[in-house]
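Only one structure is covered here, and it is reproduced in the block below.
The values are calculated or read from the model by the stated rules, or taken from the named source; none is laboratory data. Please read all numbers here as calculations on a predicted model, not as lab measurements. For neighbour counting, all protein chains shown are included, and Cβ atoms are generated from backbone atoms with ideal geometry for every residue, glycine included.
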Amino acid sequence: MAQKNPGVNIIPNNKRFWYLNSGFGDNRSIIANATFQDEYATVSGLGRLFYNYKSKYYLTGSFRRDGSSQINREYSKKWQSFWAIGLGWEISKEKFMEKVKFVNFLKLKGSTGVLGNYTTQNKAYPAYPGVSSNSSAVFGDNLIPVIVPDYTVDPNLKWETVQSTEVGIEGDFLKNRLHFEANYYYKKTSNILYIPQASGGNLPRLTNVGDIENKGFEFTAAWTQKLYKDLSLVASGNLTTYKNKVLYLANPNRNPTSSEQTPNQAETGFPIGYFYGLIADGIYQSYADILASPVNTINGGGVKPGDLKYKDLDGNGIIDEKDRTNIGNPTPDFTYGINLAFKYKAFDLGIDFAGSYGGEIYRVWGTSEQKNSVYNYPKYYNEAWTAAGTSNWVPIVNSSHLVNRAPSTYGIEDGSYFRIRNLSIGYTLNKLPKLTQIKNLRLSASVQNLKTWKNNIGYSPEFAGDALSSGMDFGGAGSALPRVMTVGLNVNF
């Protein structure tokens, strides 16, 4: 461990030195670059019930009472109750199924329940705001930093709740060679904990702001087949569909004016985190073209030849924030996976595929970033506008042309992809001379992220984040998926 000051040979057992950057210097220096430790607790009481009748009718139930130390004692909703109930019917055990020979197992099932959550926006203690010195005040000739809370807290704050309902069927068929499962799910998140953007110089406020629903279908299937005497195959796959919508939002997160980089929005009646922006409609080729077009006031206006045109959606002859609309959704229509496993004598081969379809990506790099703040540019800049007729899609590359930075369909890309996620091969040797004392030996090799077929020009088509930051490609190398090659030797004695 590095020492901050020469001659200091021990680290005292003192809370001051629990943090990496506390050092042996002035305590006041800790504030500037602090590290953190979080400690909180949840106390729960739980009761569960299991019941089955004739081993074919099943009932499960649970009830719990949770309390969180993260909620101020003065708040009435420190404790809250949650529950769940599930039902199952094993249809294959009914008499009318006895003659249906191709069905080995068939079960109908359903469940519903409510769970709670009390963490939000990476805040360790949501109901206890931190402080910052982003403001200042003048006293005589001195400019004094003003310490203010990061946000205020709604005194009626309560748990965020998630009500989930699922109905499905699962079964085994054809002498258990085929397994199939299908489920419909519905999830409603209510009393969402969120700190919306504030306006008018007010502090943002942590409160329960709205409701969101997620629904879709989940399918899984697997087939086991012996192809020849020593050759067998196991093929499996899954597919999940997604559809989400903001049912209610007390404080819409829509930006009142054009945002230079972030198109993600939350608004009642729309998908969570949908992309909100302008529709690109070519490039101004000349000043005559500008005069013949609606007046463009985006990012201060002042458009010049080579700038992007945008559609005047409301037809009032002015391009402004009122012409922004839904230009994309980062949530895919569905995701899927395919697994193939072959075995021939001592050899085995596995291939794992994954894919996604229907989600969009917003390319911030090369679109909404400041063009004078980067050192590497996308290749398509070589096709940018330089004179009339040279391009009607890629705008002029010039940092002073701010109108081109506004979120628009120019930055939207297809986030669909298909990937060979893993390829592995192995050989297992079970018969070795007793002299070696080896029970079995296995040689293996694998490649992760072997190949991805995608439509966007960034490193990856996958960009995770919270509900209001997913699907954003900032061009960072951290989004790249490394190709990992592994060779292994396992020996059991």
Scope the range 122-176; condition among the charged types (D, E, K, R), over 30 Å from Ile85 (Cα atoms) and surrounded by 11 or more Cβ atoms within 10 Å (Cβ to Cβ); matching residues: Lys123, Asp150, Asp154
How about the range 202-228: which of its residues are under 21 Å from Leu247 (Cβ atoms), among the polar types (S, T, N, Q) and either surrounded by fewer than 17 Cβ atoms within 10 Å (Cβ to Cβ) or at pLDDT 95 or above (or both)? Asn214
Is there a residue in the range 362-376 that is of a type in the set (Ser, Thr, Tyr), surrounded by 19 or more Cβ atoms within 10 Å (Cβ to Cβ) and outside any loop (DSSP other than H, G, I, E, B)? yes
Per the filter on the range 166-201, residues among the charged types (D, E, K, R), closer than 30 Å to Lys77 by Cα and modelled with pLDDT under 95 are none
Considering each of Asn142, Asn183 in turn, give the residue that is free of Cβ contacts under 8 Å to residues at least 12 places away in the same chain, of a type outside the set (Asp, Glu) and more than 26 Å from Gly67 (Cβ to Cβ). Asn142
Name every residue in the range 451-482 that is more than 30 Å from Asn122 (Cα to Cα) and surrounded by fewer than 17 Cβ atoms within 10 Å (Cβ to Cβ), in order of residue number. Lys451, Trp453, Asn455, Ile457
Can you pull out the residues in the range 400-415 that are surrounded by 13 or more Cβ atoms within 10 Å (Cβ to Cβ) and within 18 Å of Asn296 (Cα to Cα)? His401, Leu402, Val403, Asn404, Arg405, Ala406, Pro407, Ser408, Thr409, Tyr410
Search the range 113-124 for residues that are hydrophobic (A, V, I, L, M, F, W, C) and pair each with any residue that is buried (at least 18 other Cβ atoms within 10 Å of the Cβ) and assigned to a loop (DSSP other than H, G, I, E, B) when their beta-carbon atoms are under 8 Å apart and the residues are at least 6 apart or on different chains. Ala124/Gln70
When you scan the range 157-225 for strands (runs of 3 or more DSSP E) that lie fully inside it, which ones turn up with 1 or more residues that are of a type in the set (Phe, Trp, Tyr) and under 27 Å from the mean Cα position of the chain (by Cα)? 178-190
Selection within the range 284-333 - part of a strand (DSSP E or B), buried (at least 19 other Cβ atoms within 10 Å of the Cβ) and under 31 Å from the mean Cα position of the chain (by Cα): Leu308, Tyr310, Ile327, Gly328
Looking at Gly415, is it within 30 Å of Trp453 (Cβ to Cβ) and touching a Ser or Thr at 6+ places or on another chain (Cβ under 6 Å)? no
